[in-house]
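The values are calculated or read from the model by the stated rules, or taken from the named source; none is laboratory data. Keep in mind the model is a prediction, meaning the values are calculated, not measured. Positions of Cβ are generated from backbone atoms using ideal geometry, with glycine treated the same way; all protein chains shown enter the neighbour counts. Quick note on the areas: whole protein, heavy atoms, side chains included, nothing else; ligands and nucleic acids left out. Shrake-Rupley method; radii C 1.70, N 1.55, O 1.52, S 1.80 Å.
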Amino acid sequence: MKRLTAKLVFMGSQGVGKSSIITRYIKGDYRKECEATIGASFMYAKVTIRDYTITLKVWDTAGQERFRSLVPMYYRNSDAIAVVFDVSDRESFRQVKSWINEVKKNTDTPVVYYVVGNKTDLVDSRIITYEEAKEFATSVDAHYWETSVYSNSGIQDLFTNIGRNLIEMVESSKRPTNIKLEIDPEEGPNNVKINNSNIKCCTN
Amino acid sequence: MISSEEYSENMEEAQETDISILVSDVNNIAIEESEVNKSISENKPLPSSSEQSNSYENLFDQLKGHNKHIFVLSTAGKPIYTRFGNENQLASLFGLMLALMSVTQDSNDTLQSICCGRTRIVFVNKDPIILVGVSQRSEPYDQIKKQLIYVYNNIISTLTLTQLKKIFLNRTNFDLRRLMSGSERLIDKLITFTENDPGFLLDSISCLQMPSNSRDKITQTILTECSKIKNLVFGLLIAQKHIISIVRMKKYSLQVSDIHLILNLINSTESFKTAESWTPICLPTFDSSGYMHAHISYLAEDCQACLVLLTIDHDLFFTLSEAKRKITEKMRRNDCLQAINDAIIRQPLSLARANILGLRHLLYKIKNRSQHWCPPFTLPYNTDTLQQNLMSVYCSLISQMNFPGRNLKVIYQQLTSETIVAWATDEVELYMCFEPMVSKECATNAVTKLTQWMKKEEDSLFIFNIPMF
Ligand SMILES: Nc1nc2c(ncn2[C@@H]2O[C@H](COP(=O)(O)OP(=O)(O)O)[C@@H](O)[C@H]2O)c(=O)[nH]1
Ligand SMILES: [Mg+2]
């Protein structure tokens, strides 16, 4: 069994459904009435893929403008970033770009980027089409994924896909990452413990 | 808490006579403003009601249904907050408030309060924002003003004073709601707190009642972990509205009004129960210029006490998270979690145990610790309304007792439904509520008896040990 620990940060405007997505995945419930997150909250999420057990340290940020200058403290050293928007709200989609730009500007380690279009159940008021969002995501080297917390679609797969991308990143490349990989002694050769978090990336 | 502005009854009277002039202007201004604002409002689709005037009526009917309002606007007149209704639809009302303030400003004066009939309107100008309270609950001026200051502090706690000033420096027309989003519910809850909680009236906190040796053990456990951490400034353990324990860094102390903001944040946020939180918070009395960072988490699923660790270092999350884990673990091992659970479910100490004839209820405050005890309400105060009335009685009693300039030691008043007594010594303040016909001697004896009884009980009711690291 290989154990991976990685940091996943959810970003995006307030009200797009970040907290709902995370709560749905971790606790399996959905509440129509939920309070706005203040600051950020931290949780662990587990994903199992093949012989990997992935522990995601999940940060749910508030997306409030007043904390804009404090946001780097949340996304620093992250391995995956999911920027969420509401498919029925163009302003929230517009914000995705500025979030991604900001993170890219301040990050020099490889990161898995996801643009997540949430609330796809709102078929009638939907404004951002799949094509438009997908095209945008591709243009910023991000994956695109759609979810609806309300009808519980795409949530499990979002976390599984992020997990899969993290594994790819660890397995395929020699590039240093922040991810902590531990291979259990009984299975791993020579009791390998890799923790690259101190290595700085120089390749840009 | 109340700012040092000079304010005497005479001044207030003078103001109130002036007001009749202002009030007669009110209608004119209101009409003009609503004309002006029609064009603004028309840009936004208004709810169902087709006719403009009709919707205004609805709006004001809706506001009239409540006897206490708080409004916040910018000095440029932009809406920031209203307790009831939608601030977008209140443009004319905000315009009127601004007009009233500037009329007095033009004559180099400051508008503090307006009384018309049972309605009292209080203005607080904290440039770049203005706070207005409208009350029909016969609350004293200083009480409403203090509530407005609390609301102001809450805004500072989300934004910092530095950020607030900076925003309006270049953009006087800025819409502050953009930056406040998500914190409206904290203001709503804080206002309710200021209306119901004796701690607000007394500038004090309430402690969770527990044996002092249990409390010491808990405090020691927190202290041991916290003292290892650089840049950790305060640690608080909270059970609902009560404080279990406080530790602090040498040279720094936590003011009551800041603790009230922290308590309000905790008690208004359900999600703290399910996840660890890492939240920037400004404590206005401690330092209004910058954010501190709060690690907020409940000890365990089976122990609903909330631990708040405050630091100035934004990189400390995982250190604090680890400290919290150790604190919980240790507390579990030395039975502290059990002690907390016992204390939370225990029947609170009843005043009946003091066995004092005619004494129905009281507020007991230890002055130099800023802590109070408010026993559970019993008959005849068994409904919300009756408790609310009693709180109003306390409110005016406390306000009389602490009126600036006077130095009262005792107040004895026979009201229609109760006799009330305020009693102050160097150490304590007592606000007591007796049955209607209780004599002065009887009340005096009660104070003596009560003081003796409290000596035995106070170890478990108050925190006498707030250690430093
Ligand atoms: N219709 C619909 N509403 C959603 C969905 N996800 C979240 N919401 C609602 O959107 C609001 C904001 O959700 P929240 O998770 O607090 O957003 P956050 O600020 O991004 O964390 C809440 O009222 C949710 O119930 C969804 O998939 N469909
Ligand atoms: Mg949220």
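The table below gives the values:
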| read-out | value |
| --- | --- |
| Debye equation applied to the C-alpha atoms of the range B:385-447, log10 I(q)/I(0) at 0.28 Å⁻¹ | -1.29 |
| Amide H within-cut-off set for A:V84, under 5 Å, with H built and near neighbours excluded | A:M11, A:G12, A:V116 |
| Cα Rg over Rh - the range B:123-271, Kirkwood | 1.02 |
| Residue pairs, from the table A:K119/B:K146; B:K78/B:K145; B:K166/B:K228; A:K105/A:K134; A:K32/B:K241, whose Cα atoms sit over 32 Å apart | A:K119/B:K146; B:K166/B:K228 |
| Under the Karplus curve 6.51 cos²θ - 1.76 cosθ + 1.60, θ = phi - 60°, whole-Hz ³J(HN,Hα) for the range B:370-376, x wherever Gly or Pro sits | 6, 10, 9, 10, 10, x, x |
| Principal axes of the protein assembly as shown: Cα extent on each, largest first, Å | 88, 67, 41 |
| Unit charges on C-beta of K, R, D, E only; dipole of chain B, Debye | 1800 |
| Relative contact order for chain B, counting Cα pairs under 8 Å that sit 6 or more residues apart, in percent | 13 |
| Relative packing of B:363-370, B:101-108, which averages over residues the other C-beta atoms within 10 Å, highest first | B:363-370, B:101-108 |
| Relative contact order for the range A:2-183, counting Cα pairs under 8 Å that sit 6 or more residues apart, in percent | 28 |
| Residue mean of other protein chain beta carbons inside 10 Å, B:289-296 | 2 |
| Per-peptide average of other Cβ atoms within 10 Å, ordering B:436-445, B:310-319 highest first | B:310-319, B:436-445 |
| Amide H contacts of B:A305 (H built 1.01 Å from N, under 5 Å, at least 5 apart or other chain) | B:L299, B:A300 |
| Across B:K251/B:K326; B:K217/B:K455; B:K68/B:K449; B:K64/B:K189, pairs whose alpha-carbon gap is larger than 28 Å | B:K68/B:K449 |
| Peptide-level mean, for B:175-188, of C-beta atoms on other protein chains within 10 Å | 3 |
| Chain A: most fluctuating residue of A:S20, A:S41, A:S78 per GNM, C-alpha cutoff 10 Å | A:S41 |
| Global geometry of chain B, whether rounded, prolate or oblate, following the gyration tensor of its Cα atoms and the 1.5 cut on a/c | oblate |
| The range A:2-183 - Rg over Rh from alpha carbon coordinates, Kirkwood radius | 0.94 |
| Inter-chain shielding of A:65-77 (mean C-beta neighbours from other protein chains, 10 Å cut-off) | 4 |
| Integer Hz, Karplus 6.51/-1.76/1.60 couplings in order for the range B:353-366, x for Gly and Pro | 5, 6, 6, 10, 4, x, 7, 9, 6, 7, 10, 10, 10, 8 |
| Value at 222 nm in deg cm²/dmol, rounded to 500, when DSSP H runs of n ≥ 4 in chain A each add -39,500 (n - 2.57) | -9000 deg cm²/dmol |
| Using θ = phi - 60° and Karplus 6.51 cos²θ - 1.76 cosθ + 1.60, couplings along the range B:143-158 (whole Hz; Gly, Pro as x) | 5, 5, 4, 5, 4, 5, 5, 4, 4, 4, 4, 5, 5, 4, 5, 8 |
| Translational diffusion coefficient (Stokes-Einstein; Kirkwood radius from C-alpha pairs) of the range A:11-53 at 25 °C, 0.890 mPa s, in µm²/s | 204 |
| Amide H contacts of B:S245 (H built 1.01 Å from N, under 5 Å, at least 5 apart or other chain) | B:L237 |
| List A:E171, A:E65, ordered by accessible area with a 1.4 Å probe, largest first | A:E171, A:E65 |
